[in-house]
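Asker: Before I ask anything, here is the structure I am working with.
Bear in mind that the values in this text are calculations on the coordinates, not laboratory data. Since the structure is predicted, the reported quantities are computational estimates derived from the model, not experimental observations. Using ideal geometry, Cβ is built from the backbone for each residue, glycine included, and neighbour counts are taken over all protein chains shown.
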Amino acid sequence: MLGAIVGDMVGSPYEFGWDAKTTDFELFSDESGFTDDTVMTLAVGQALLDVAGDATAAGAALVAAMRDFGRRYPHPKGGYGGRFAAWLQSPDPAPYGSFGNGSAMRVSAVGWLFDTLDDVERWAAITARVTHNHHEGVKGARATAAAIFLARTQGPSATAKAQLRAYLEERFEYNLSRTLDQIRPGYHHVESCQETVPEAITAYLEADGFEQTVRLAVSLGGDADTLGAIAGSIAEAAYGVPPAIRDEALRRLPGDLRAVLDRFASTVEQRTARRLWSLLAPYAQWLDSRPTTQWTGVTTTPDGVVTPAFPVYDERVRRLEEAFYTEGLMDHGYVDTLRQYAVTQPSPEVVAGADGTLLRAMCTWIWRGEHFGDGHIAEALDSGLLAGLARRARELAGADDDILGDGDSSLGDGDSSLGDGDSSLGDGDASR
Ligand SMILES: [Mg+2]
């Protein structure tokens, strides 16, 4: 949600009557502030935390939270759309067939709280339908949430972006083949999903970082805060939000809205930590046996071309690495995280008292390190670092069971963190 909030604030000075259409603007100024996109994003986030995966309760909770937040903030920068403003005040709030981009700009929590693409798309539709029950309104929310989920679990590599593009084009029939340079000249202020969501996604596809995504989205002109919010929500999932940018946004957020964001962040962090523990812990025993890594021999062709040796990792190491990515466990800001914990070099000694956040950053350090030099993972196996991480994960999983053994998980069923990775948010099944 933070990415959506940042994008909203960054775009907010440029929502109306700005035709510079450039990426060269002040990221945060005195004019930057939150708009309806931020207010409704947080309302949806709170409602989803409150219902904890109970789809039967979701509609009423969403309506109540959105109206509560809307009344608390009746005049955010830029105001509310006319029909939405009427819905906020109506004695009998009913969906009104909208395909406005409001359903997409407020959906980001969904991309973080569910563990499968199916769940993400189903819940995105639930959040849309309370107001935006036109099929384009529902589709815009589903596509945005799906993009967030894919960015979160697949990362921002060229391959991952190509897959994201292909999936969204196929499933939602959006045209994602135009470049921003092709879109920009003819783009104008429009508030429909179908003319906002594909453009915002394209900004993410073309950018190579969080800030650039937001700048590119805003540079299209038009509904700049909402373009920024949608693009920013996807970019956050892939890249994280740089600390300096995060601080600028938090400074502009009132306390009660900040509290929702904090609650959401700690819930997501807790869920992420549990996924990490349940992934690592089963490997503890095997890693403790200090499995050795085979290296290929150095080869030299008859004309003297030398191919250096490289490690051939055990299938289990490969599976662990792959799951780390697909479970969305990569800490995109791991260098900063390690710095915060004053860890210059992860080692078995550092692992001893590590919490979930540090554990995750050290794991990321191991996997990312292999991209910078062959044998980085082999060293972590040999030194006992990876084994230590898995042992620590097992300890934390045990402690977690004790702390949360009463089923007091903030997201529902308090399922054992050593389970099968089943979503604790569930699928709305009545048994949950
Ligand atoms: Mg707005």
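Asker: Just to check I understand the Karplus step: with θ = phi - 60° and J = 6.51 cos²θ - 1.76 cosθ + 1.60, what whole-Hz values come out for region 285-295, glycine and proline as x?
Answerer: The phi angles translate into 5, 5, 5, 5, 7, 6, x, 8, 9, 7, 10 Hz.
Asker: Using 7 Å Cα-to-Cβ label points, what is the Tyr325/Ala244 separation (nm, one decimal)?
Answerer: 3.0 nm
Asker: Ordered by packing density, taken as the mean number of other Cβ atoms within 10 Å over each peptide's residues, highest first, how do 34-42, 286-294, 93-101, 372-380 rank?
Answerer: 34-42, 93-101, 372-380, 286-294
Asker: Still on this structure: Under the definition of Cα pairs under 8 Å and six or more residues apart, what whole-number percent is the relative contact order of region 1-124?
Answerer: Taking the mean separation of contacting Cα pairs over the length of region 1-124, I get 29 percent.
Asker: What does a probe at Ser383 reach in region 282-300, counting residues whose amide N is under 17 Å from the point 7 Å along Cα→Cβ?
Answerer: What the label zone holds, given the 17 Å backbone N cut-off, is 288, 290-293.
Asker: Under 22 Å between alpha carbons, and skipping anything fewer than 8 positions from Lys161 in its own chain: which lysines qualify?
Answerer: Lys139
Asker: Can you tell me the 0 to 90 degree angle between the C-alpha axis of helix 255-280 and the longest principal axis of the chain, rounded to 10?
Answerer: 30 degrees
Asker: Suppose R0 equals 25 Å; then what is the FRET efficiency for Asp374 and Gln163 from their Cβ-Cβ distance, rounded to the nearest 0.05? Can you show the working numbers first?
Answerer: Details: r = 26 Å, r/R0 = 1.04.
E between Asp374 and Gln163, to the nearest 0.05, is 0.45.
Asker: Considering Cα pairs under 8 angstrom that are at least six residues apart, work out the relative contact order of the chain and quote it in whole percent.
Answerer: Details: 730 pairs, mean separation 86.9, N = 432.
Across the chain, relative contact order equals 20 percent.
Asker: Tell me the angle of helix 315-326 to the major Cα principal axis of the chain, expressed in degrees between 0 and 90 and rounded to the nearest ten.
Answerer: 20 degrees
Asker: Using modelled backbone amide H atoms (1.01 Å from N, in-plane), which distant-in-sequence or interchain residues come within less than 5 Å of Gly100's amide H?
Answerer: Cys193
Asker: What percent do you get for the relative contact order of region 272-404 when only Cα pairs under 8 Å and 6+ apart count? Before the final figure, lay out the partial values.
Answerer: Numbers: 157 pairs, mean separation 52.6, N = 133.
Relative contact order, region 272-404: 40 percent.
Asker: Continuing with this model, one more query. At 0.36 nm per residue, minus the direct Cα-Cα distance, what do Ala342 and Ser289 gain on full extension? Give it in nm, one decimal, please.
Answerer: 16.1 nm
Asker: While we're on this one: Tell me whether region 2-253 comes out rounded, prolate or oblate; compute the Cα gyration tensor, take square roots of the eigenvalues as a ≥ b ≥ c, and use a/c under 1.5 as the rounded threshold.
Answerer: Because its axes are fairly even, with a/c under 1.5, region 2-253 counts as rounded.
Asker: Still on this structure, please answer the following. Take the Cα pairs of the chain, get the Kirkwood Rh, then feed it into Stokes-Einstein at 37 °C and 0.692 mPa s and tell me D in µm²/s.
Answerer: So the translational diffusion coefficient is about 145 µm²/s.
Asker: Which FRET efficiency, nearest 0.05, do Glu395 and Thr116 yield, Cβ-Cβ r, R0 30 Å? Write down the numbers at each step before the final one.
Answerer: Numbers: r = 29 Å, r/R0 = 0.95.
E(calc), rounded to 0.05, equals 0.55.
Asker: Taking region 109-162, how much of its Cα-Cα pair set, in percent, is spaced more than 16 angstrom apart?
Answerer: For region 109-162, the share of Cα pairs beyond 16 Å comes to 38 percent.
Asker: Going by alpha carbons, how many degrees (0 to 90, nearest 10) lie between the helix axis of 117-129 and the longest principal axis of the chain?
Answerer: Taking the Cα atoms of the chain, the angle to 117-129 is about 20 degrees.
Asker: Which peptide among 22-30, 313-321 comes first, and what is the full order, when sorted by highest mean count of other Cβ atoms within 10 Å?
Answerer: By packing density, highest mean first, the sequence is 313-321, 22-30.
Asker: On to the next question. Please sort 114-123, 201-210, 215-224 by packing, taking for each peptide the average over its residues of neighbouring beta carbons within 10 angstrom, highest first.
Answerer: 215-224, 201-210, 114-123
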